[in-house]
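Okay, so here's the structure we're looking at.
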Amino acid sequence: MKKQIAVGLFLMATLVVGSSFSPALAKRWTVTQRIDKLSAEVKEGRKANELTDKQVEILNKDITDVQAKITTMKEKNAGQLSIPDTRKVHQMLNDISIKNLRMRLENVYFEK
């Protein structure tokens, strides 16, 4: 009986704590903030010798391409990014971020 009460209290506490952390409270990054952070991560990766010069060049080119696409998207929408365009940009930045992490991990753990 005591075990059932303890399990019940634990589950209730878990629900209370879990419900207090809402995704709505998570930090929302702007496109510009993400680009700046991603650029800093690439520089940091080179500085820590986790990325080669060629990989840094590739990642920086990808970031520059995204910035060019943003400019094009803004020109089509009176200087603002539309919501669908913002989603596309965030997806592109996600892809670059994953690529960055994959390259760094491959260089650290799977050196040739």
Practice prompt. Of all residues in the range 59-68, count the ones that are free of Cβ contacts under 8 Å to residues at least 12 places away in the same chain and surrounded by 14 or more Cβ atoms within 10 Å (Cβ to Cβ).
Written response: 0
Worksheet item: Does the range 39-57 hold any residues that are under 13 Å from I96 (Cα atoms) and touching a residue at least 12 places away in the same chain (Cβ under 8 Å), and which are they?
Response: S39, E41, V42, Q55, V56
Response to the item:
So, first residue open to solvent by less than 100 Å² (accessible area, probe 1.4 Å) in the range 69-95, second residue β-branched (V, I, T) and modelled with pLDDT under 95, Cβ within less than 8 Å, six or more apart or across chains; the pairs are I70/V31; L81/V31; T86/V31; V89/V31; H90/V31; L93/V31
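The values are calculated or read from the model by the stated rules, or taken from the named source; none is laboratory data. Just so we're clear, the structure is a prediction, and the values are computed from it rather than from any experiment. Cβ atoms come from the backbone with ideal geometry, glycine included; neighbour counts cover every protein chain shown. SASA here: full protein model, heavy atoms, side chains in, ligands and nucleic acids out. Shrake-Rupley method; radii C 1.70, N 1.55, O 1.52, S 1.80 Å.
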